[in-house]
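One structure is given here, and the rest of the page talks about it.
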Amino acid sequence: MKFIDESILFKVNENYSENLLQFGDIKVVVVDDFYENPDLIRDLILTIPATTYTPQRLEFPGRQISISYDLRSISPAYKRLIGKYFPNTLSPNKIDKVISRQDFLVNVLQSKDRVVFPHEDNPTGYASGIYFNTDDECSWGTTFYEGNDCVGMAEMKYNRMILYEQFVGHNGYMGEDSFVGDLYRISQQLFIQ
């Protein structure tokens with residue numbers, strides 16, 4: 001039997017670096033070296049079978065992993081970042097409550113699954129993605145839109161976290177031949193509202 005200690009597995013790196021991308025009115029917080037132990041998380045992701053059964057996300061084009069783990073160790077980082085870059089929007093107690101109920105959700109996509117049109121996740125709250133492809137596997141990133149016009153991109157990088165408002169049009173951008181064969185685009189997703 002295998003066991004995990006989520007407080008170690010999902011420990012946030014105390015020395016992460018943060019930066020704000022601004023595309024018109026769109027703000028995207030970019031945090032590099034987010035997790036202290038990203039290799040452990042990547043290894044876990046690679047051992048859990050992904051499924052096309054996505055009843056909570058019926059139009060999701062690829063596969064996903066969704067499993068209940070204790071993610072509360074990431075809550076202080078999200079409270080700080082949301083409070084700093086999106087002040088007076090969500091209370092720290094609300095963020096704690098939402099994250100305590102979050103599943104460990106991972107998008108698993110290939111280039112054939114790509115959707116070229118932007119989408120919005122929800123009219124309120126925040127979305128976050130954390131990339132788990134190694135730097136030699138990374139390609140493109142997440143693009144952001146005003147209407148149907150692409151206004152910017154957050155590049156994909158190993159252990160990089162991005163945070164943005166859910167009503168912002170966005171898309172996991174990848175070339176048609178960047179994730180093929182045994183190579184998948186893998187990113188942890190969080191929805192905080």
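Name every residue in the range 167-193 that is polar (S, T, N, Q) and at pLDDT 95 or above, in order of residue number. Show your work before the answer.
Start the filter on the range 167-193 by keeping residues that are polar (S, T, N, Q), which leaves 171, 178, 187-189, 193.
If the condition is that a residue be polar (S, T, N, Q) and at pLDDT 95 or above, then Ser187, Gln188, Gln189 are the ones that fit.
Conditions tested, residue by residue: (1) small (Gly, Ala, Ser); (2) surrounded by 12 or more Cβ atoms within 10 Å (Cβ to Cβ).
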site	(1), (2)
Phe3	no, no
Glu6	no, yes
Asn13	no, yes
Ser17	yes, no
Leu21	no, yes
Ile26	no, yes
Asn37	no, yes
Ile41	no, yes
Leu44	no, yes
Expected single match for outside any loop (DSSP other than H, G, I, E, B), closer than 30 Å to Gly175 by Cα and either β-branched (Val, Ile, Thr) or touching a residue at least 40 places away in the same chain (Cβ under 8 Å) (or both) among Val115, Val108, Val98 is Val108
Specify which of the listed residues (Pro49, Pro76) is in a loop (DSSP other than H, G, I, E, B), open to solvent by 60 Å² or more (accessible area, probe 1.4 Å) and modelled with pLDDT of 95 or more.
Pro49
Does Lys79 satisfy being touching a residue at least 12 places away in the same chain (Cβ under 8 Å) and basic (Lys, Arg)?
yes
Can we say Leu105 is farther than 15 Å from Val12 by Cβ, open to solvent by 10 Å² or more (accessible area, probe 1.4 Å), under 15 Å from the mean Cα position of the chain (by Cα) and not basic (Lys, Arg)?
yes
Kindly indicate whether any position in the range 80-96 is surrounded by 14 or more Cβ atoms within 10 Å (Cβ to Cβ), of a type in the set (A, V, I, L, M) and touching a Lys or Arg at 6+ places or on another chain (Cβ under 9 Å).
yes
Answer with yes or no whether Ile67 is touching a Phe, Trp or Tyr at 6+ places or on another chain (Cβ under 6 Å), open to solvent by 40 Å² or more (accessible area, probe 1.4 Å), within 20 Å of Val106 (Cα to Cα) and hydrophobic (A, V, I, L, M, F, W, C).
yes
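The values are calculated or read from the model by the stated rules, or taken from the named source; none is laboratory data. The shown structure was predicted, so the numbers you read here are calculated from the model rather than taken from an experiment. Quick reminder, even Gly has a Cβ in these numbers, built from the backbone with ideal geometry, and neighbours come from all protein chains shown. When the accessible area is computed, the model is the full protein with side chains, heavy atoms only, and any ligands, DNA or RNA have been set aside. Shrake-Rupley method; radii C 1.70, N 1.55, O 1.52, S 1.80 Å.
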